[in-house]
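Right, one structure below, let's go through it.
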C-alpha cells in the first residue's frame, strides 16, 4: 500500500488550467466520458467550470461577429506540417520556421481560446500575466503570441485530443486511440474532429490575413491520411531523434505535464506503459502512411543533423518541398539561432536497464535509423 501510494502521481499546485476557454457542454461531456475528476483536483475542475461559464458571451460574440468571415476564408496556401514523435525536435524546428515572415502559426493564445480569441484580444495582456513563461519539461521559453501546438486548441474545442491524455490520465490509452487513430469513433465523431481542426486553422488564417500556416503537432504523425483529405497539397517535415533519448525525454515530459494538467491521479507504471506503447503505435502508423504522400511533399530529417547545421538543414527542407522565400527568411532565422546559442539542453542518465528496455520495444526504429545508445 505504501509503495503504491509512493508511486502515485499527485500534484495540487495551482488551479489554473488550459481548458478554461472550453464550452460548458464540452466540459461536461469530457468529465462524464472520462471517469470524472479526482477529489484533490476539484479546485482545478471548478476553475474550468467557472471560466467556461464566464467566457460563454465571448464565444457567442465570436460566432456571431467572426463566424461568417472565418467561414468564407480560403486556405490558399497548403499548410506545412511539422511531425515527429514528442521530444524529437519538433518545437525547435517550429520556432525556426516561424521566423519566416511568409508563415503564420497557431499561437498559445489561439489554443487557449480557439473559438473566442479575437473577441478576447483586449484582455490578452492581462491574462498573459498568469500564463507560464517556460515549458515545464525543458525550460524552453513560451510566449502568449509565440508558436504553439494546435493539439491544445483541439482539446478546448472537443472531446478528442491527445492533450486529454494529460487531463484524464487513467483514460489515456483510450484517448490516445480515439484522438490519434480515430479508433472507436463514429463517422460523425471523425467528421466533428475534422471540422474542429479545419475551423481552427481557418480562424488562424483569417486573423493572419491569409498567410501560409506552419503547424507543429506530434499527434499528426499518425494522421497523415486524414490531413491530406483536409489539405490535399500539404507539405510534411518529419523529424526524428535517437530513440534512447526520446524515451528518457518523453517520460520526463509526461511526468512534468501531468503535474500541471492532470485532473486524475496516475502511477509511474501507467506512464511508462503509455510512453512505450504510444511510440510503437505512432511510428508504425507513420511508416504505413508516409508512402501515400506525393513525391516532393515530404522530407525526413534527423534532429542531430538539425542541431549540428540548422541552416543547412533548412535549405534542404525548402529545396525539397519547393518552398519559396528563404532568402528573406534566412537572416531572421539566423538571428534567432544566435539568440538561442547559449541554451542548455536537458542532460539524462541512461543505464543498461533502460537500454535493454528501449531496444526491446523500439528496435524497429533503432535499426531503421541506425542509432546507438548515447554515451
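None of the figures in this text is laboratory data; all of them are computed from the coordinates on show. Everything quoted here is computed from the prediction, not taken from an experiment. Cβ: placed from backbone, ideal geometry, glycine included. Neighbour counts: every protein chain shown.
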With springs only between Cα atoms under 10 Å apart, run a GNM on the chain and tell me which of 234, 308, 222 wobbles the most.
308
Residues 83, 301 arranged by fewest to most Cβ contacts within 10 Å:
301, 83
Test of understanding: in a Gaussian network model of the chain with alpha carbons linked when under 10 Å, which of 195, 216, 340 would top the mean-square fluctuation ranking?
340
Given 10 °C and 1.306 mPa s, compute D for the chain with the Stokes-Einstein relation, Rh being the Kirkwood radius over Cα pairs; round to the nearest whole µm²/s.
74 µm²/s
Per residue, what volume in Å³ does the convex hull of the Cα atoms of the stretch 134-288 enclose?
126 Å³
What shape does the stretch 26-147 take by its C-alpha gyration tensor, where a ≥ b ≥ c are the square roots of the eigenvalues and a/c under 1.5 counts as rounded, a/b above b/c as prolate, and the rest as oblate?
oblate
Over the Cα atoms of the stretch 171-211, Rg to Rh with Kirkwood Rh, two decimal places?
1.16
Whole-percent pair-distance distribution, where bins are 5 Å wide, for the alpha carbons of the stretch 285-375:
2, 9, 14, 17, 17, 14, 14, 9, 3, 0
For the chain, averaging the sequence separation of alpha carbon pairs under 8 Å that lie six or more residues apart and dividing by its residue count, the contact order in percent is 25 percent
Shape parameters for the stretch 213-279, alpha-carbon atoms, Rg then Dmax in Å:
15.0, 42
With only helices counted (DSSP H, runs n ≥ 4, each -39500 (n - 2.57)), the per-residue ellipticity at 222 nm for the chain, to the nearest 500, works out to -15500 deg cm²/dmol
Using the 10 angstrom Cβ neighbour count as an exposure proxy, how do 236, 47 rank, fewest first?
47, 236
Taking max minus min of the Cα coordinates of the stretch 241-311 on each principal axis, largest first, gives extents in Å of 45, 29, 21
Taking the stretch 139-255 and dividing mean pair separation by its residue count, relative contact order in percent (alpha carbons under 8 Å, at least six apart)
22 percent
Classify the stretch 84-194 from the C-alpha gyration tensor, please: rounded if a/c falls under 1.5, else prolate or oblate depending on whether a/b exceeds b/c.
prolate
One would report the antiparallel percent of DSSP beta bridges in the chain, rounded to the nearest 5, as 20 percent
Contour minus Cα-Cα span, residue 272 to residue 363, at 0.36 nm per residue, comes to 31.1 nm
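Per residue and in Å³, how big is the convex hull formed by the alpha-carbon atoms of the stretch 125-185? Don't skip to the answer; put the middle values down first.
On the way: hull volume 6.6 nm³, N = 61.
In the stretch 125-185, the Cα convex hull volume per residue is 108 Å³.
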Can you pull the one-decimal nm distance between simple spin-label points at residue 29 and residue 255, each 7 Å off the Cα toward Cβ?
3.5 nm
